[in-house]
Every structure is written in C-alpha cells, then in structure tokens.
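Here is the structure we will look at, set down as structure tokens.
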C-alpha cells in the first residue's frame, strides 16, 4: 500500500436491506435532509427506488474506474449509545455496519475498510478487535451525530487501544449539516480541542475537513482551535493530521486561500467526502490565467468524480505528499 494515492473519506449510506436487517439503515429524519436528496441525485437514484445494492454499485464504480486514486476508504458509522452503554436506535439518523463494509472490502481490492465504533457501547473492545482482525485502516467518528464527547473519561480506554494498534481516528470537526441532529448542544461535540485526550494518549488523530467553516455565516472557531493544536503538536509529540475532504465548496476554498500559510502541508491527507456533492469550483495558487483556464477545462468534462476531486485538489497547490500520506499511516497499523 506504500506510496499509493488513497481517498480516506468516502461515505457509505443506504436504507435497510430486507435480506440483512442488521446491516445499514437511515432514519425518517435523515430522509428530510438536503444531504439525503443530494446523495440520491449523485447516485442517480432520485427518481428510482434507492437500495443498498444501487448505492454499492455506484460507489464501487466510482473508485473502481478511477485512474488517479488507487484505493478509497469506505466509512462506517456506528449507532448512538448513552454513556452507560444503552443503545439508542431512536436517536440514530444513519448507521453503516462494520461487518457490511468489512465484507465489501474483502470482495473489492480497491476498497479499504473504514470502521466506526462508538466508545460508549459495552462491547466496544470486542467490536474494535473485530475491526482490527478484518483489516480496518481507521476508526471514524462524527461526534454530533453519534453523541460522542471526545473529551469524556469513558473514551480513555478506547484511546489506549487505538494507540496500541496505531489505528488512526478520523474525527469530524467543524459545523455539521449532513447528518442530524443539528442543534447547538450537539455541534459543540465537534470542537477540535475536545481531542486533547486522544492526542495525549498517543492516538493518530485525523481531523476531517480541516475543521473549515462551510458557509459564510459560519465562524472560524473550529479552525482556530485546530491551528492551536497544530502549534502544540511538535512539543507534545502529537500525531495530529487533517484531511482535505470537501475542500471545493466556494467558502471553504476562499478560507483555505486566506489561511494557506498557516496550514502545515506535512500534516494533510487527501479525501473527497463523496458522494456528498462536490463543487467543481477550485482556487489555484497560480496567478497565470492560462493555468487557471487549463485546470477548468481539464476537469470540466471528467466523468469520474474521484478523479475530478483529485485534479481540483492538485490544482489548489497541495504538496504531492498529501496524496500518499494515508498509505504511510496505514502501513503502521498493528494487527
């Protein structure tokens, strides 16, 4: 896997499968979100019945026909649990089971298994052992959607096990508009500073989306917190990184341009956020109008969305190592 270009941020989501009731599901509340309709538009299921097979077929085609990206991490999402370990399916908007993605990765050489284990579940250690045994390359959290407080004392044993196996934690940070709930109390769980305990325990932490704001009305508090952690990282030997998924939305691109000199290129990892719709908009560090025009027309008619994301991110000016860094991190996982 060393040296390969890997997209670390590809979402999987689907309604319940009658043949596998314990696999994946999404809630009625999720079906009311703009993300739900956008995802159906992207996966070409807007006017047909959406099934897990159709979603799977679309995503496998996207990564399978990519000429620029060798592998993609398909991300799971565990259910909501109370801190006492009680399962709260009633509060779970989206669930993507580990066993489903583990099997999918076994069947497809270009798919990597992105596990998700809620640290509050009573059997978290057993579930994490299953994920490690089935070659998970990371653990994904979306705190606001999963009701996980990364600073909670219940997470410490979980962090110790992640660190022991060098299994990275990919954690969403920043405002969340895709998966409910969206209330202010839950949004507070997405602050980067809550990841201090994980970093202190030696966990390789990857902050999703560089904690950038999505809309103009969003503040930069999350991003500023991440910058604070980056400043502290060398002195504390923290294994802190951030992925650059969903960078192509106009506001994020402009903020990225403004903060370019503050972002450590050696701490960045490539991702897309597919199939959440990606903008074709991209800034470029080049002031040459010909270069800008070439980038526009180079990507305008590209049919593969993973390749288009790759080329647009390259056009922004990220260092080449950003695109292969994931393969280096995954090579260190202890099974």
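The values are calculated or read from the model by the stated rules, or taken from the named source; none is laboratory data. Treat the numbers as computed from the prediction; the structure is a model and nothing was measured. Here the Cβ positions follow ideal geometry from the backbone for every residue, glycine too, while neighbour counts run over all protein chains shown.
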Exercise for the section: Inspect segment 85-105 for any residue being without any contact (Cβ under 8 Å) to a residue 12 or more places away in the chain and farther than 22 Å from residue 20 by Cβ and give the result as yes or no. Expected result: yes
Problem - Elements of type helices (runs of 4 or more DSSP H) in segment 278-332, at least 3 residues being out of contact with any strand residue (DSSP E or B) (no Cβ under 6 Å at 6 or more places or on another chain), exposed (fewer than 15 other Cβ atoms within 10 Å of the Cβ) and modelled with pLDDT under 90 - result: 289-300
Problem - Cross-chain or 6+ apart pairs with Cβ under 8 Å, segment 288-305 first and closer than 27 Å to residue 44 by Cα, then at pLDDT 75 or above and outside any helix (DSSP H, G or I) - result: 304/65; 304/66; 304/67; 305/272; 305/274; 305/275
Exercise for the section: Give me a count of the residues in segment 41-59 that are modelled with pLDDT under 90 and under 19 Å from the mean Cα position of the chain (by Cα). Expected result: 2
Exercise for the section: Give me a count of the residues in segment 209-243 that are on the phi > 0 side of the Ramachandran plot and within 21 Å of the chain's Cα centre (by Cα). Expected result: 3
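Here's the yes/no breakdown for (1) at pLDDT 95 or above; (2) surrounded by fewer than 21 Cβ atoms within 10 Å (Cβ to Cβ); (3) within 12 Å of residue 128 (Cβ to Cβ):
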position: 143; (1), (2), (3): yes, no, no
position: 149; (1), (2), (3): yes, yes, no
position: 153; (1), (2), (3): yes, yes, no
position: 159; (1), (2), (3): yes, no, yes
position: 162; (1), (2), (3): yes, no, yes
position: 172; (1), (2), (3): yes, no, no
Exercise for the section: State yes or no: is residue 117 buried (at least 24 other Cβ atoms within 10 Å of the Cβ), at pLDDT 95 or above, part of a loop (DSSP other than H, G, I, E, B) and touching a helix residue (DSSP H, G or I) at 6+ places or on another chain (Cβ under 9 Å)? Expected result: yes
Practice task
Kindly check whether there is at least one residue in segment 148-159 that is more than 18 Å from the chain's Cα centre (by Cα), in a helix (DSSP H, G or I), free of Cβ contacts under 8 Å to residues at least 40 places away in the same chain and on the phi < 0 side of the Ramachandran plot.
Solution key: yes
Exercise for the section: Evaluate the following for residue 223: is it crowded, with 23+ Cβ neighbours inside 10 Å and in a helix (DSSP H, G or I)? Expected result: yes
Completion exercise
Filtering segment 176-202 down to residues that are crowded, with 20+ Cβ neighbours inside 10 Å and in a helix (DSSP H, G or I) yields 189, 190, 192, 194, 195, 198, 199
Completion exercise
Taking segment 226-239 and keeping residues in contact (Cβ under 8 Å) with a residue 40 or more places away in the chain and either surrounded by fewer than 23 Cβ atoms within 10 Å (Cβ to Cβ) or over 21 Å from residue 260 (Cβ atoms) (or both) leaves 239
Exercise for the section: Determine whether residue 241 is in contact with a helix residue (DSSP H, G or I) (Cβ under 6 Å, 6 or more places away or on another chain), under 24 Å from residue 321 (Cα atoms) and either modelled with pLDDT of 90 or more or part of a helix (DSSP H, G or I) (or both). Expected result: yes
Handout entry: Within segment 33-55, tally of residues that are in contact with a strand residue (DSSP E or B) (Cβ under 9 Å, 6 or more places away or on another chain) and over 16 Å from residue 274 (Cβ atoms)
Key = 3
